[in-house]
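Okay, so here's the structure we're looking at.
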Amino acid sequence: MSNIALAAYAASPQRSRGRKVYEEAPLGRSEFQRDRDRIIHSSAFRRLEYKTQVFVNHEGDLFRTRLTHSIEVAQIGRSIARRLALNEDLVEAISLAHDLGHTPFGHAGQDALNTCMRDYGGFEHNLQSLRVVDVLEERYASFDGLNLCFETREGILKHCSLENAAGLGEVGERFLNGRRPSLEAQIANLADEVAYNNHDVDDGLRSGLITLEQMASVRLFAGHLEEVRKSHPGLDERRVVHETIRRMINTLVSDLIMQTESNIGAHSLHNIEDVRNAPALAAFSPRMQELNRELKVFLHGQLYRHYRVMRMSSKAQRIITELFQAFMGDRRLLPPQFLRAAELEHARSVADYIAGMTDRYAIREHRRLFAVEEN
Ligand code: MG
(Lines give C-alpha, C1' and ligand atoms only; values in the text may rest on other atoms or scores of the structure.)
Protein backbone atom coordinates (compact mmCIF):
# COMPACT_ATOMS: atom_id res chain seq x y z
CA MET A 1 0.00 0.00 0.00
CA SER A 2 1.20 3.55 -0.63
CA ASN A 3 1.67 5.76 2.40
CA ILE A 4 -1.15 8.11 1.45
CA ALA A 5 -3.87 7.99 4.12
CA LEU A 6 -6.98 6.25 2.89
CA ALA A 7 -10.40 7.88 2.99
CA ALA A 8 -12.58 7.04 6.00
CA TYR A 9 -15.02 5.28 3.66
CA ALA A 10 -12.32 3.17 1.94
CA ALA A 11 -12.25 -0.57 2.61
CA SER A 12 -9.79 -1.34 5.36
CA PRO A 13 -8.02 -4.67 5.78
CA GLN A 14 -8.04 -4.16 9.56
CA ARG A 15 -11.80 -3.78 9.59
CA SER A 16 -12.51 -6.55 7.07
CA ARG A 17 -15.57 -8.68 7.70
CA GLY A 18 -13.12 -11.51 7.52
CA ARG A 19 -12.77 -14.90 5.86
CA LYS A 20 -15.13 -17.87 6.03
CA VAL A 21 -12.46 -19.95 7.72
CA TYR A 22 -10.52 -18.02 10.37
CA GLU A 23 -6.84 -17.44 9.64
CA GLU A 24 -4.13 -15.55 11.53
CA ALA A 25 -3.38 -12.11 10.05
CA PRO A 26 -0.62 -12.32 7.44
CA LEU A 27 2.87 -11.03 8.20
CA GLY A 28 4.35 -8.29 6.03
CA ARG A 29 1.33 -7.81 3.80
CA SER A 30 -2.28 -6.81 4.25
CA GLU A 31 -5.31 -9.13 4.09
CA PHE A 32 -6.25 -7.78 0.65
CA GLN A 33 -2.68 -8.20 -0.59
CA ARG A 34 -2.87 -11.82 0.55
CA ASP A 35 -6.11 -12.21 -1.43
CA ARG A 36 -4.44 -10.78 -4.53
CA ASP A 37 -1.50 -13.15 -4.10
CA ARG A 38 -3.78 -16.18 -3.73
CA ILE A 39 -5.64 -15.19 -6.89
CA ILE A 40 -2.40 -14.89 -8.87
CA HIS A 41 -1.29 -18.36 -7.68
CA SER A 42 -4.60 -20.02 -8.59
CA SER A 43 -4.99 -22.40 -11.55
CA ALA A 44 -8.04 -20.49 -12.76
CA PHE A 45 -5.91 -17.35 -13.08
CA ARG A 46 -3.32 -19.09 -15.26
CA ARG A 47 -6.06 -20.49 -17.49
CA LEU A 48 -7.15 -16.92 -18.33
CA GLU A 49 -4.15 -16.75 -20.65
CA TYR A 50 -5.86 -19.16 -23.03
CA LYS A 51 -9.41 -17.89 -22.80
CA THR A 52 -11.03 -15.64 -25.37
CA GLN A 53 -11.85 -12.03 -24.76
CA VAL A 54 -13.27 -11.32 -28.25
CA PHE A 55 -10.73 -13.05 -30.47
CA VAL A 56 -9.97 -16.73 -29.98
CA ASN A 57 -6.46 -17.23 -28.67
CA HIS A 58 -5.07 -18.82 -31.84
CA GLU A 59 -6.23 -15.96 -34.08
CA GLY A 60 -3.17 -13.87 -33.25
CA ASP A 61 -0.55 -13.29 -30.60
CA LEU A 62 -1.26 -9.62 -30.03
CA PHE A 63 -4.96 -9.79 -29.24
CA ARG A 64 -6.16 -9.50 -25.67
CA THR A 65 -6.90 -12.64 -23.77
CA ARG A 66 -8.80 -12.75 -20.49
CA LEU A 67 -5.46 -12.61 -18.71
CA THR A 68 -4.15 -9.43 -20.34
CA HIS A 69 -7.66 -7.96 -20.06
CA SER A 70 -7.69 -8.64 -16.30
CA ILE A 71 -4.25 -7.05 -15.91
CA GLU A 72 -5.43 -3.94 -17.78
CA VAL A 73 -8.53 -3.74 -15.57
CA ALA A 74 -6.28 -3.93 -12.49
CA GLN A 75 -4.00 -1.18 -13.84
CA ILE A 76 -6.88 1.19 -14.60
CA GLY A 77 -8.68 0.35 -11.36
CA ARG A 78 -5.59 0.91 -9.23
CA SER A 79 -4.86 4.35 -10.73
CA ILE A 80 -8.43 5.42 -10.03
CA ALA A 81 -8.35 4.01 -6.50
CA ARG A 82 -5.10 5.81 -5.70
CA ARG A 83 -6.46 9.15 -6.85
CA LEU A 84 -9.61 8.68 -4.76
CA ALA A 85 -7.70 7.53 -1.64
CA LEU A 86 -9.41 4.13 -1.84
CA ASN A 87 -7.86 0.75 -1.17
CA GLU A 88 -5.72 -0.04 -4.21
CA ASP A 89 -4.95 -3.60 -3.10
CA LEU A 90 -8.61 -4.51 -2.88
CA VAL A 91 -9.34 -3.04 -6.33
CA GLU A 92 -6.40 -5.03 -7.67
CA ALA A 93 -7.59 -8.28 -6.10
CA ILE A 94 -11.15 -7.84 -7.39
CA SER A 95 -9.94 -6.86 -10.88
CA LEU A 96 -7.62 -9.84 -11.23
CA ALA A 97 -10.35 -12.23 -10.07
CA HIS A 98 -13.38 -10.74 -11.81
CA ASP A 99 -13.26 -13.04 -14.85
CA LEU A 100 -12.01 -16.26 -13.22
CA GLY A 101 -15.36 -17.94 -13.84
CA HIS A 102 -15.51 -17.14 -17.53
CA THR A 103 -16.09 -20.03 -19.89
CA PRO A 104 -13.91 -20.64 -22.94
CA PHE A 105 -14.88 -18.63 -26.06
CA GLY A 106 -16.05 -15.45 -24.33
CA HIS A 107 -19.70 -14.49 -24.24
CA ALA A 108 -20.71 -17.06 -26.82
CA GLY A 109 -19.43 -19.76 -24.49
CA GLN A 110 -21.20 -18.29 -21.49
CA ASP A 111 -24.53 -18.03 -23.37
CA ALA A 112 -24.26 -21.59 -24.64
CA LEU A 113 -23.49 -22.99 -21.20
CA ASN A 114 -26.32 -20.98 -19.66
CA THR A 115 -28.73 -22.45 -22.22
CA CYS A 116 -27.44 -25.97 -21.53
CA MET A 117 -27.92 -25.41 -17.78
CA ARG A 118 -31.46 -23.99 -18.14
CA ASP A 119 -33.08 -26.88 -16.27
CA TYR A 120 -30.32 -27.08 -13.67
CA GLY A 121 -30.15 -23.57 -12.23
CA GLY A 122 -28.48 -21.81 -15.20
CA PHE A 123 -24.94 -20.53 -15.52
CA GLU A 124 -23.74 -17.00 -14.67
CA HIS A 125 -20.06 -16.20 -15.07
CA ASN A 126 -20.04 -13.80 -12.09
CA LEU A 127 -21.43 -16.46 -9.85
CA GLN A 128 -18.95 -18.92 -11.31
CA SER A 129 -16.05 -16.55 -10.48
CA LEU A 130 -17.22 -16.61 -6.87
CA ARG A 131 -17.58 -20.40 -7.03
CA VAL A 132 -13.99 -20.69 -8.27
CA VAL A 133 -12.60 -18.73 -5.30
CA ASP A 134 -15.05 -20.20 -2.75
CA VAL A 135 -15.14 -23.86 -3.77
CA LEU A 136 -13.39 -25.03 -6.90
CA GLU A 137 -9.73 -24.15 -6.37
CA GLU A 138 -8.05 -27.01 -4.55
CA ARG A 139 -4.74 -25.73 -3.22
CA TYR A 140 -4.93 -25.30 0.53
CA ALA A 141 -4.81 -27.91 3.24
CA SER A 142 -7.43 -26.39 5.54
CA PHE A 143 -10.18 -25.27 3.15
CA ASP A 144 -11.64 -25.52 -0.34
CA GLY A 145 -11.27 -22.48 -2.56
CA LEU A 146 -9.04 -19.54 -1.66
CA ASN A 147 -10.84 -18.46 1.53
CA LEU A 148 -10.82 -14.80 0.46
CA CYS A 149 -12.00 -11.82 2.52
CA PHE A 150 -15.66 -10.84 2.39
CA GLU A 151 -14.79 -7.55 0.62
CA THR A 152 -13.00 -9.33 -2.22
CA ARG A 153 -15.84 -11.84 -2.64
CA GLU A 154 -18.40 -9.02 -2.53
CA GLY A 155 -16.53 -7.30 -5.39
CA ILE A 156 -16.24 -10.45 -7.49
CA LEU A 157 -20.00 -10.98 -7.36
CA LYS A 158 -20.83 -8.05 -9.63
CA HIS A 159 -24.30 -9.17 -10.65
CA CYS A 160 -26.48 -11.95 -9.42
CA SER A 161 -30.10 -12.99 -9.85
CA LEU A 162 -32.27 -12.64 -6.74
CA GLU A 163 -32.89 -16.37 -6.83
CA ASN A 164 -29.17 -17.13 -6.65
CA ALA A 165 -28.49 -14.32 -4.16
CA ALA A 166 -30.83 -15.96 -1.66
CA GLY A 167 -28.60 -19.02 -1.47
CA LEU A 168 -25.30 -17.18 -1.06
CA GLY A 169 -25.38 -16.00 2.54
CA GLU A 170 -23.89 -12.61 3.46
CA VAL A 171 -22.29 -12.00 0.08
CA GLY A 172 -25.71 -12.26 -1.60
CA GLU A 173 -27.53 -10.04 0.88
CA ARG A 174 -26.99 -6.74 -0.91
CA PHE A 175 -28.90 -7.94 -3.95
CA LEU A 176 -31.88 -8.75 -1.75
CA ASN A 177 -31.90 -5.52 0.25
CA GLY A 178 -30.84 -3.17 -2.57
CA ARG A 179 -27.48 -2.08 -1.17
CA ARG A 180 -24.23 -1.31 -2.97
CA PRO A 181 -20.81 -2.92 -2.66
CA SER A 182 -17.67 -0.99 -1.57
CA LEU A 183 -16.39 1.87 -3.73
CA GLU A 184 -13.45 -0.39 -4.54
CA ALA A 185 -15.85 -2.92 -6.09
CA GLN A 186 -17.69 -0.16 -7.97
CA ILE A 187 -14.37 1.14 -9.34
CA ALA A 188 -13.21 -2.32 -10.45
CA ASN A 189 -16.50 -2.75 -12.28
CA LEU A 190 -16.14 0.52 -14.20
CA ALA A 191 -12.43 -0.09 -14.84
CA ASP A 192 -13.54 -3.34 -16.54
CA GLU A 193 -15.72 -1.31 -18.88
CA VAL A 194 -13.02 1.27 -19.66
CA ALA A 195 -10.55 -1.53 -20.35
CA TYR A 196 -12.68 -3.63 -22.70
CA ASN A 197 -14.21 -0.76 -24.66
CA ASN A 198 -10.76 0.57 -25.45
CA HIS A 199 -8.89 -2.64 -26.05
CA ASP A 200 -11.70 -3.97 -28.21
CA VAL A 201 -11.32 -0.89 -30.42
CA ASP A 202 -7.58 -1.58 -30.59
CA ASP A 203 -8.00 -5.30 -31.33
CA GLY A 204 -10.87 -4.58 -33.72
CA LEU A 205 -8.72 -2.17 -35.73
CA ARG A 206 -5.70 -4.48 -35.68
CA SER A 207 -7.77 -7.38 -36.95
CA GLY A 208 -9.22 -5.23 -39.73
CA LEU A 209 -12.78 -6.11 -38.69
CA ILE A 210 -13.41 -2.42 -38.06
CA THR A 211 -11.71 0.51 -39.79
CA LEU A 212 -10.52 3.96 -38.77
CA GLU A 213 -13.08 5.45 -41.18
CA GLN A 214 -15.87 3.66 -39.30
CA MET A 215 -14.46 4.75 -35.95
CA ALA A 216 -14.69 8.38 -37.12
CA SER A 217 -18.46 8.08 -36.57
CA VAL A 218 -17.92 7.46 -32.84
CA ARG A 219 -17.62 10.86 -31.16
CA LEU A 220 -15.41 9.82 -28.24
CA PHE A 221 -12.88 8.34 -30.66
CA ALA A 222 -13.28 10.90 -33.46
CA GLY A 223 -12.53 13.93 -31.27
CA HIS A 224 -9.21 12.51 -30.09
CA LEU A 225 -8.36 11.15 -33.55
CA GLU A 226 -8.71 14.60 -35.04
CA GLU A 227 -6.51 16.15 -32.35
CA VAL A 228 -3.82 13.52 -32.85
CA ARG A 229 -3.81 13.98 -36.62
CA LYS A 230 -3.66 17.75 -36.26
CA SER A 231 -0.82 17.80 -33.75
CA HIS A 232 1.17 14.97 -35.40
CA PRO A 233 0.66 15.13 -39.18
CA GLY A 234 2.08 12.18 -41.08
CA LEU A 235 2.21 9.92 -38.03
CA ASP A 236 2.18 6.23 -38.86
CA GLU A 237 -1.33 4.75 -38.61
CA ARG A 238 -0.69 2.24 -35.78
CA ARG A 239 0.73 5.04 -33.67
CA VAL A 240 -2.26 7.24 -34.47
CA VAL A 241 -4.49 4.46 -33.15
CA HIS A 242 -2.47 3.96 -29.95
CA GLU A 243 -2.23 7.66 -29.27
CA THR A 244 -5.98 8.10 -29.81
CA ILE A 245 -6.85 5.19 -27.52
CA ARG A 246 -4.40 6.39 -24.87
CA ARG A 247 -6.16 9.77 -24.85
CA MET A 248 -9.56 8.11 -24.81
CA ILE A 249 -8.67 6.03 -21.72
CA ASN A 250 -7.29 9.13 -20.05
CA THR A 251 -10.45 11.12 -20.74
CA LEU A 252 -12.69 8.33 -19.38
CA VAL A 253 -10.56 7.82 -16.28
CA SER A 254 -10.34 11.56 -15.51
CA ASP A 255 -14.06 11.99 -15.99
CA LEU A 256 -14.79 9.01 -13.76
CA ILE A 257 -12.53 10.38 -11.00
CA MET A 258 -14.11 13.84 -11.13
CA GLN A 259 -17.70 12.64 -11.18
CA THR A 260 -17.07 10.10 -8.43
CA GLU A 261 -15.36 12.73 -6.25
CA SER A 262 -18.34 14.98 -6.69
CA ASN A 263 -20.79 12.16 -5.88
CA ILE A 264 -18.80 11.31 -2.77
CA GLY A 265 -18.87 14.98 -1.74
CA ALA A 266 -22.65 15.07 -2.06
CA HIS A 267 -23.05 12.34 0.59
CA SER A 268 -21.66 12.43 4.07
CA LEU A 269 -19.71 9.21 4.22
CA HIS A 270 -18.02 8.22 7.47
CA ASN A 271 -17.28 4.59 6.78
CA ILE A 272 -17.76 1.79 4.30
CA GLU A 273 -21.28 1.02 5.55
CA ASP A 274 -22.31 4.55 4.46
CA VAL A 275 -21.01 3.66 0.98
CA ARG A 276 -23.08 0.46 1.01
CA ASN A 277 -26.21 2.40 1.98
CA ALA A 278 -25.71 5.26 -0.51
CA PRO A 279 -26.71 5.05 -4.18
CA ALA A 280 -23.97 3.97 -6.60
CA LEU A 281 -21.26 6.63 -6.22
CA ALA A 282 -18.67 5.61 -8.81
CA ALA A 283 -19.92 6.94 -12.14
CA PHE A 284 -19.11 8.78 -15.33
CA SER A 285 -20.59 12.22 -15.90
CA PRO A 286 -23.89 12.18 -17.84
CA ARG A 287 -22.13 13.47 -20.98
CA MET A 288 -19.42 10.80 -20.75
CA GLN A 289 -22.05 8.14 -20.13
CA GLU A 290 -23.68 9.14 -23.38
CA LEU A 291 -20.40 9.09 -25.33
CA ASN A 292 -19.47 5.79 -23.77
CA ARG A 293 -22.84 4.30 -24.68
CA GLU A 294 -22.33 5.42 -28.29
CA LEU A 295 -19.00 3.57 -28.37
CA LYS A 296 -20.57 0.43 -26.91
CA VAL A 297 -23.43 0.49 -29.42
CA PHE A 298 -20.86 0.81 -32.20
CA LEU A 299 -18.82 -2.13 -30.92
CA HIS A 300 -21.92 -4.29 -30.53
CA GLY A 301 -23.14 -3.59 -34.05
CA GLN A 302 -19.83 -3.53 -35.92
CA LEU A 303 -17.40 -5.74 -34.05
CA TYR A 304 -19.18 -8.27 -31.83
CA ARG A 305 -21.66 -9.09 -34.63
CA HIS A 306 -19.13 -9.05 -37.43
CA TYR A 307 -19.61 -12.19 -39.51
CA ARG A 308 -16.14 -13.43 -38.67
CA VAL A 309 -16.79 -13.06 -34.94
CA MET A 310 -20.23 -14.68 -35.42
CA ARG A 311 -18.64 -17.69 -37.13
CA MET A 312 -16.34 -18.14 -34.17
CA SER A 313 -19.28 -17.74 -31.78
CA SER A 314 -21.38 -20.26 -33.62
CA LYS A 315 -18.55 -22.80 -33.61
CA ALA A 316 -18.00 -22.12 -29.90
CA GLN A 317 -21.66 -22.66 -29.09
CA ARG A 318 -21.65 -25.95 -30.94
CA ILE A 319 -18.54 -27.16 -29.13
CA ILE A 320 -19.86 -26.23 -25.67
CA THR A 321 -23.32 -27.65 -26.33
CA GLU A 322 -21.98 -30.94 -27.70
CA LEU A 323 -19.54 -31.33 -24.82
CA PHE A 324 -22.34 -30.73 -22.34
CA GLN A 325 -24.67 -33.20 -24.04
CA ALA A 326 -21.97 -35.85 -24.22
CA PHE A 327 -21.16 -35.56 -20.49
CA MET A 328 -24.82 -35.45 -19.50
CA GLY A 329 -25.65 -38.43 -21.74
CA ASP A 330 -22.93 -40.64 -20.36
CA ARG A 331 -21.34 -39.68 -17.09
CA ARG A 332 -18.59 -42.27 -17.55
CA LEU A 333 -16.99 -39.88 -20.08
CA LEU A 334 -16.27 -37.35 -17.34
CA PRO A 335 -12.88 -37.29 -15.59
CA PRO A 336 -13.41 -39.03 -12.20
CA GLN A 337 -12.74 -35.90 -10.08
CA PHE A 338 -15.87 -34.34 -11.60
CA LEU A 339 -18.19 -37.26 -10.86
CA ARG A 340 -21.08 -36.49 -8.48
CA ALA A 341 -23.93 -38.75 -7.52
CA ALA A 342 -27.12 -36.73 -7.91
CA GLU A 343 -28.36 -35.55 -11.30
CA LEU A 344 -28.50 -31.85 -10.39
CA GLU A 345 -25.01 -32.03 -8.94
CA HIS A 346 -23.87 -33.92 -12.01
CA ALA A 347 -25.05 -31.07 -14.28
CA ARG A 348 -23.28 -28.50 -12.08
CA SER A 349 -20.17 -30.62 -12.17
CA VAL A 350 -20.26 -30.79 -15.95
CA ALA A 351 -20.68 -27.00 -16.05
CA ASP A 352 -17.70 -26.56 -13.69
CA TYR A 353 -15.59 -28.80 -15.90
CA ILE A 354 -16.57 -27.02 -19.13
CA ALA A 355 -16.31 -23.52 -17.64
CA GLY A 356 -12.79 -24.25 -16.45
CA MET A 357 -11.59 -25.25 -19.93
CA THR A 358 -9.37 -22.98 -21.99
CA ASP A 359 -10.37 -22.42 -25.63
CA ARG A 360 -7.88 -24.90 -26.98
CA TYR A 361 -8.59 -27.48 -24.28
CA ALA A 362 -12.30 -27.36 -25.17
CA ILE A 363 -11.46 -27.78 -28.86
CA ARG A 364 -9.18 -30.71 -28.06
CA GLU A 365 -11.68 -32.35 -25.68
CA HIS A 366 -14.37 -31.98 -28.35
CA ARG A 367 -12.10 -33.63 -30.88
CA ARG A 368 -11.28 -36.44 -28.41
CA LEU A 369 -14.98 -37.15 -27.94
CA PHE A 370 -16.23 -36.72 -31.50
CA ALA A 371 -13.41 -37.40 -33.96
CA VAL A 372 -13.00 -41.12 -34.69
CA GLU A 373 -9.23 -40.96 -35.13
CA GLU A 374 -8.65 -39.39 -31.70
CA ASN A 375 -9.02 -40.72 -28.19
MG1 MG B 1 -13.98 -8.30 -17.64
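Expressed in nm to one decimal, what extension gain is obtained for the pair Ser217 and Leu27 from 0.36 nm per residue of sequence separation less their Cα-Cα distance?
Gain on stretching Ser217 to Leu27: 63.1 nm.
Along the stretch 307-313, what does the Karplus equation 6.51 cos²θ - 1.76 cosθ + 1.60 (θ = phi - 60°) give for ³J(HN,Hα), rounded to whole Hz, x for Gly and Pro?
Taking θ as phi minus 60°, the curve returns 4, 6, 6, 4, 5, 5, 4 Hz for the stretch 307-313.
What does the accessible area per residue of the chain come to in Å², with a 1.4 Å probe and no ligands, DNA or RNA counted?
Accessible area per residue, the chain: 47 Å².
Modelled label-to-label distance, Asn114 and Glu237, 7 Å Cα→beta-carbon offset: nm?
Computed distance between label sites Asn114 and Glu237 equals 3.6 nm.
For the stretch 1-150, what D do you get in µm² per second when you plug the Kirkwood radius from alpha-carbon pairs into Stokes-Einstein at 25 °C and 0.890 mPa s?
It comes out at roughly 148 µm²/s.
For the stretch 200-205, take each phi angle, set θ = phi - 60°, evaluate the Karplus expression 6.51 cos²θ - 1.76 cosθ + 1.60, and give the result in whole Hz per residue in order, putting x for glycine and proline.
Result, ordered by residue: 5, 5, 4, 5, x, 5 Hz.
For the stretch 29-364, what number of Lys pairs, 8 or more residues apart or on separate chains, have alpha-carbon atoms under 23 Å from each other?
Value for the stretch 29-364: 4.
Provide the descending list of Cα extents for the stretch 316-362 along its principal axes, expressed in whole angstroms.
Principal axes ranked by extent give 28, 17, 16 Å for the Cα atoms.
On the protein heavy atoms, probe 1.4 angstrom, tell me the percent of accessible surface of the stretch 29-364 carried by carbon and sulfur.
That fraction is 49 percent.
Using only alpha carbons, build the gyration tensor for the stretch 1-80 and give me the equivalent ellipsoid semi-axes, biggest first, whole Å.
They are 31, 17, 10 Å, listed largest first.
How much length, in nm to one decimal, is gained on full extension between Arg246 and Arg368, taken as 0.36 nm per residue of separation minus their Cα-Cα distance?
That pair, Arg246 and Arg368, stretches by 39.6 nm at full extension.
Based solely on C-alpha atoms, express the radius of gyration and the Dmax of the stretch 185-270 in angstrom.
15.6, 53
Counting only the backbone N, which residues of the stretch 255-283 are under 20 Å from the spot 7 Å out from the Cα of Gln75 toward its beta-carbon?
In the stretch 255-283, the label zone of Gln75 (backbone N under 20 Å from the point 7 Å along Cα→Cβ) covers 255-257.
Binning at 20 Å from 0, report for the chain what percent of all alpha-carbon pair distances ends up in each bin.
Pairs per bin, as whole percents: 27, 56, 17, 0.
The values are calculated or read from the model by the stated rules, or taken from the named source; none is laboratory data. The model shown is predicted, which means the values in this text are computed figures rather than measured ones. Note that each Cβ is placed from the backbone with ideal geometry, even for glycine, and that neighbours are counted across all protein chains shown. Surface accessibility is based on the protein's heavy atoms, side chains included, excluding ligands, DNA and RNA. Shrake-Rupley method; radii C 1.70, N 1.55, O 1.52, S 1.80 Å.
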